Amino acid sequence: MTGTNGETASAGDAAVKSIIGEERFAQIQSAKLLVVGAGGIGCELLKNLVLTGFIDIEVVDLDTIDVSNLNRQFLFRRHHVDRPKSEVAAEAVRQFRPNAKIVAHCGNVKEAAFGVEFFSKFDVVVNALDNLEARRHVNRLCLAAEKPLLEAGSTGHLGQVTVIRKGQTECFECQAKPTQKVFPYCTIRSTPEKPVHCLTWAKNLFDLCFGPDDESNLLSDLATEMRQFQSQETVDGAGVGKLIYSHLFEADIKKQAELEDLWSEKRPPPTPLPFDEATKRTSKTASAESEKDKLETQKVPTVSADAQGFVAAVATMYGERRSMIGQSTFSKDDQVAMDFVHCAANLRMENYRISRLSRWDAQSIAGSIIPAVASTNAIVSGLEVVQLLHVLAAKDTPMRQTRARTVWVRFPEPSRKKILQPSSLQSPNPDCFVCGARTARVAVKSMSKCKIADFAKACIQGQLGAHRPALYVNGSCIFDPEYPEPGEEAEEEGLHPEWSLQEWGLSSGSLIQVEDEGQGFSCNLVLREEPELSEEQFPAGFQVEAGEGMSEEAAKEAAEKKRKADAEAAEANAAKKRVLDANTVALDD
């Protein structure tokens, strides 16, 4: 088989040489690539790379293979299930080119091992990620390492490929990306209006019932009732399920209905649903005729099925999965977790007179899923290789003067009747807080209520995409990722994660410096207190406006102030060390 594949590769090489020439093929053979992601796009990409002639590749992916991957990630087979994607993908593409050196890394690209020094080893980095946070992280590492990045993504029938080069083109964060919708607490806890509100509630409920302690859980007020059985050595799982059911869908709903200020003629109070009553509701909402061609997962279950399914899921967790209680978190690919969330959400929808969902629709919404299309992934990965050839051919030529392009895949509504729509690479956004002005403006609803640790997690990590940020004011550290929780060690370092922004002396106009050494990323934040900030639009209590609020002169002044403060701090530390050294000598004498 090896010989046959070797002959196939040689024939393919001859074809590639005839198209691009000996010189460019030599560039391909000598290039050292890093591929990040070995999923839908990654599988196609790795196959295309080795068939094009690339022979020195390293691939990073943290996932293992699931049965659901097999219908679109064609390097994987059923006997590969539960093995690391990166390892299996590397093994598979070696069959196409036995002499290729393909190194697989099973790990999270955000781990310290895959930092700037690691990225600096490669000529080009090629992305095949479906995770916004990871894509931001790779973008920053490539900027810090000054390596070109091929960035790609797909959503259903839509796709995009572009080239990123520090100082020459837009980076991944030059244009704002849509963020996951965050719903106000009161909507999720008391006044849901849409299926997504009930699914968000159900996911929080699963984590509350079976996951680790988390004070930020939206349903933390239910923790005592939901966890009272965890400490008991032996319990009747079905009995626990019925007790939890009665508390959630009957007793708690009665309490919510008594909150008269929440309800009106247009929004009537919810209706309790006792378990015995629910099990009697066996009629389907849709006609048999309308559902005859649907899969079972595409049919909306009866209320009775939801009630019994909820109890069965709880029984499974307290039975065969008892050892996992306290450490489980929701995953759309976990059969039991999805059963729990689907049934719980549907029962809550019944309480609030919202149309219930099929498991298919519930899983799509709960997992924020837009079905992957294998043909789109194939097109996108092919376009990445084409753009990669342009990048290698560019050498020292500015990227925007080469043949490299951003290419959009648009179907079923193509632009100008073209499914593939190329456009010129754009110059960097001067206001980009990652590669441009490095300044962002943040409006905070209340400086006195916003804790610095919560601000770092929700704003700096959640919105700005930093991984392990440290925050400074005038050269003094006010938050260190090594001490995210209050304690003696934090206090010894002069840190108080529980302090509010106001307690740290911050107010409107204050400047915070953000440093993330792992990403090689830094930026300035200008704070503004905005008491009128809409809780409905910004339930986290802040709004980020990238690239505004500071002139170049002000930024330089802030940087100079930080440099002087750092120098003063270093001198103070040196003086303290000299005193300690002197005391040590005196004791020795």
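The values are calculated or read from the model by the stated rules, or taken from the named source; none is laboratory data. On a predicted model such as this, the values are computed, not experimentally measured, just so you know. Don't worry about glycine lacking a Cβ; one is built from the backbone with ideal geometry, like all the others, and counts go over all protein chains shown. All accessible areas refer to the heavy atoms of the entire protein, side chains included, with ligands and DNA or RNA removed. Shrake-Rupley method; radii C 1.70, N 1.55, O 1.52, S 1.80 Å.
When SER328 is tested against the conditions (1) in contact with a Phe, Trp or Tyr (Cβ under 9 Å, 6 or more places away or on another chain); (2) farther than 23 Å from ILE65 by Cβ, the lone failure is (2). Annotation note: Cβ proximity below 9 Å between a residue of segment 223-248 that is under 17 Å from GLY211 (Cβ atoms) and a residue that is charged (D, E, K, R) and not in a loop (DSSP other than H, G, I, E, B) (sequence gap 6+ or interchain) occurs for GLU225/ASP252; ILE244/GLU225; LEU248/GLU225; LEU248/ARG348. Only residues that are within 24 Å of the chain's Cα centre (by Cα) and outside any helix (DSSP H, G or I) were counted across segment 369-398, and they come to 5.
Among residues of segment 172-226 being in a loop (DSSP other than H, G, I, E, B) and of a type in the set (Val, Ile, Thr), the one that is least open to solvent (accessible area, probe 1.4 Å) is THR191. Among the residues making up segment 101-145, those that are touching a residue at least 24 places away in the same chain (Cβ under 8 Å) and assigned to a loop (DSSP other than H, G, I, E, B) are GLY107, ASN108, VAL109, LYS110, GLY115, SER120, LYS121, PHE122, ASP123, ALA128, LEU129, ASP130.
Of all residues in segment 399-429, count the ones that are polar (S, T, N, Q) and surrounded by 16 or more Cβ atoms within 10 Å (Cβ to Cβ).
Number satisfying all stated conditions: 3.
Scanning for something open to solvent by 20 Å² or more (accessible area, probe 1.4 Å), at pLDDT below 95 and under 26 Å from GLY156 (Cα atoms), does segment 377-398 turn up at least one residue? Checking segment 377-398: not a single residue is open to solvent by 20 Å² or more (accessible area, probe 1.4 Å), at pLDDT below 95 and under 26 Å from GLY156 (Cα atoms).
Screening VAL442 with (1) open to solvent by 10 Å² or more (accessible area, probe 1.4 Å); (2) modelled with pLDDT under 95; (3) touching a strand residue (DSSP E or B) at 6+ places or on another chain (Cβ under 6 Å) gives one miss only, at (1). Within segment 278-330, if we keep just the residues that are small (Gly, Ala, Ser), touching a residue at least 60 places away in the same chain (Cβ under 8 Å) and not in a loop (DSSP other than H, G, I, E, B), the residue that is surrounded by the fewest Cβ atoms within 10 Å (Cβ to Cβ) turns out to be ALA312. Out of all the residues in segment 340-357, is one or more of a type in the set (Asp, Glu) and more than 19 Å from ILE188 (Cβ to Cβ)? Within segment 340-357 (the criterion being of a type in the set (Asp, Glu) and more than 19 Å from ILE188 (Cβ to Cβ)), the answer is no, since none of the residues qualifies.
Against the conditions (1) touching a Gly at 6+ places or on another chain (Cβ under 7 Å); (2) in a helix (DSSP H, G or I); (3) over 25 Å from SER10 (Cβ atoms), VAL88 satisfies every one except (1).
Applying the condition of being surrounded by fewer than 19 Cβ atoms within 10 Å (Cβ to Cβ) and of a type in the set (Lys, Arg) to segment 83-105 and asking which residue is nearest to the chain's Cα centre (by Cα) yields ARG83.
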